[in-house]
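What follows is one structure encoded as structure tokens, with my remarks underneath.
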Amino acid sequence: MSETFDKQTRADLFDYLLRLGDDRLILGHRLSEWCGHGPMLEEDIALSNISLDCIGQAISLLKLAGEVEGEGRSEDDLAYFREAIDFRNLMLLEQPNGDFGYTIMRQFLFDVYSFYLYEALQESTFQPLAEIAVKSLKEVRYHLRHSSQWVLRLGDGTEESRQRIQQALDNQWRYVEEMFVLDDIEERLIVENIAADASALQEKWREMVEKIIHQATLQIPGDNIYKTQGSRQGKHSEHLGYLLSEMQILSRSYPDAQW
Amino acid sequence: MEDNAKMEQFQQRIDAGEKIEPKDSMPEKYRKQLIRMISQHAHSEIVGMLPEGNWITRAPSLQRKLSLIAKVQDEAGHGLYLYCAAETLGIDRDELVQQLLDGKAKYSSIFNYPTLTWADIGVIGWLVDGAAIVNQTMLAKASYGPYSRAMIRICKEENFHKRQGMEIVATMAAGVPAQKKMAQDAVNRWWWPSLMMFGPHDSDSPNSGVLLKWKVKTKTNDELRQRFVNLTVPQARAMGLSIPDPNLKYDPETKNWNFGEIDWDEFYQVIKGNGPCNEERIEARRKAHRDGAWVRDAAAAYAAKHADKSNVA
């Protein structure tokens, strides 16, 4: 597989697959922290399901990344033996879970993005990636239904729930811009029809988000706030380091062991 | 129901091997015993999510992480399923959950022990789920229909969990020295509490007589415990792990593995609330319930608003 790409494309594609894989790994990890602590049993089950899907997708994407890189790194090597600066996930996804409303809003904003991204990636000329997108889109459709229904319930539920979910949205708004910013790596891959053009998804993303937010009687925050940047290049918040130190502790402690 | 003729009729149905269904007449004591057993079982599934959930974020590979999340999720599903089975006896889930949070309801004491290393996740699957399967295989034949059917379904998943657990233990037992040490240490810590899962000796078990008579149970605590030991000792040997019991000895005549006496003082102390994690477990459940109150209120308010709207329309 690595033979069919030139060196630059291979390096770009490796990085791009890390972006896709790390988003889902880190979000799936955060969601799994809810297991046993949800507001009701049904949500323990639902959040675990979504976590399983995210980590499952991450496995496929990181495995593919390792194959593209061609240096013999497995999905586990990539998950457990990289530092925070080498992770390519969005800053939004590494944020601590907060309350259920924070988790749901984070999920909703990401699900809409992930939905349109996978939809576009189904057309990728890189067949293994297109196949992952087809399969994952089915799962994300369900995730999006789950998160948007909860945004509606919490927004249009009680006064307390409306305040909490609005607070979550206000807090997270600074992280969303990063979803749509292109760098040289993505631009080169878009030219080859390998990557999806994320910047072209922003309008559709905004349309769906606004529709649900308004239906939930909530307000879209103003755009005159500072927007985070750089997590695709490894510039993260401090939270990622702690997440990784917990996640990686066993593999790092016994690098020669099989588990 | 309580008059003698009816009691006799009920006993005849039991003796004929008939299943009792929710709308059938049944002695009040039968109903109460079943609510007690099924709800304790449901609570055990829910509290049991905590010690294993403790290692989800530290699982050593992505596949192990997936398996563990799925396992803990299965337990939530079992809890839900069992609460539903209890509800067929005329009590609702909220009331049962409240009993757990108030410290009035019991759950399996095994979950009051801590998970200290990754090997504990393997050993819980192998020993704790293994012991649960021995018990539940019997309960799958229980005279109360909904409980029996719940057990059949749950047993299938528990068997899968047990295999997964054994695989983790076997991998570690054959691994680097640090892994072997963790595996043996986990067996040493979980062995006796696993034997305690079957409850007191038959002679000290207050509920056993009536449960056997009504075929809720068809085997005694001691019979089930012996069966578990007989199944498990050869598995431990095959993996090169030792059982922490100097009195363990095979009896070729009875084909049983005889074993030493359980520390019943520890057993009763943990039941009384003095185990290593009793307080943490209940507090974790209370916190989840407390933190989730606004979410449940919001869901109820939203449902009510939208029900109103559809009524108007």
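Just so you know, all these numbers are worked out from the coordinates, no wet-lab data involved. Given the structure is predicted, the values throughout are model-derived calculations rather than measurements. Every residue, glycine as well, gets a Cβ built from its backbone with ideal geometry; the counts of neighbours run over all protein chains shown.
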Anisotropy class of segment B:86-160 from Cα gyration tensor, a/c 1.5 cut: oblate
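Return a whole-number percent for the relative contact order of chain A, with Cα pairs under 8 Å and 6 or more residues apart as the contact set.
In percent, rounded to a whole number, it is 24.
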Ranking of A:232, B:237 by count of other Cβ atoms within 10 Å, fewest first: B:237, A:232
Between segment B:216-245 and segment A:72-117, the Cα center-to-center distance that results, in Å: 44 Å
Residue A:130-residue A:163 FRET efficiency (beta carbon distance; Förster radius 41 Å; 0.05 resolution): 0.45
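Local charge sum around residue A:173 (other residues, Cβ-Cβ under 15 Å, Lys/Arg +1, Asp/Glu -1)?
With Lys, Arg at +1 and Asp, Glu at -1, the net is -1.
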Residue B:144 long-range amide H proximity, modeled H, under 5 Å: B:20
Relative frequency of Cα-Cα separations exceeding 36 Å in the protein assembly as shown, percent: 43 percent
Over 18 Å [Cα-Cα, segment A:117-259], rounded percent: 70 percent
Value in Å of the Kirkwood radius, where chain A supplies the Cα pairs that are averaged: 18.8 Å
Charge dipole of the protein assembly as shown about the Cα centre (unit charges at C-beta), most positive-ward option of B:127, B:9, B:160: B:9
Estimated [θ] at 222 nm from DSSP helical runs (n ≥ 4, -39500 (n - 2.57)) normalised by residues in the protein assembly as shown, nearest 500: -21500 deg cm²/dmol
Label-point gap, in nm, between residue B:6 and residue A:174 - each point 7 angstrom along Cα→Cβ: 6.9 nm
Choice from A:19, A:73, A:82 showing the highest fluctuation, given a GNM over chain A with Cα pairs closer than 10 Å: A:82
Tensor-based shape of segment A:5-61 (alpha-carbon gyration tensor, a/c under 1.5 rounded, otherwise prolate or oblate): prolate
Ratio Rg/Rh [Cα only; Rh per Kirkwood] for segment A:56-162: 1.05
Residue with peak Gaussian network fluctuation, chain B [Cα springs, cutoff 10 Å], from B:292, B:130, B:122: B:292
Label-point gap, in nm, between residue A:242 and residue B:104 - each point 7 angstrom along Cα→Cβ: 3.8 nm
Ranked list, fewest to most other Cβ atoms within 10 Å of each Cβ, for A:93, B:80: B:80, A:93
Residues residue B:235 and residue A:256, FRET efficiency given R0 of 30 Å [Cβ-Cβ distance, rounded to 0.05]: 0.70
Three principal axis lengths of segment B:132-234 [C-alpha, angstrom, descending]: 51, 30, 17
Leading residue at positive end of dipole, the protein assembly as shown (Cβ point charges), from A:229, A:121, A:35: A:35
Approximate spin-label separation residue B:141-residue A:86, in nm, with each point projected 7 Å along Cα-to-Cβ: 5.7 nm
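For chain B, what does the alpha-carbon gyration tensor say about shape, rounded, prolate or oblate, given a ≥ b ≥ c as the root eigenvalues, a/c under 1.5 as rounded, and a/b over b/c as prolate? Spell out each step's value before the answer.
Working: a/c = 2.02, a/b = 1.19, b/c = 1.70.
Cα axes put chain B in the oblate bin.
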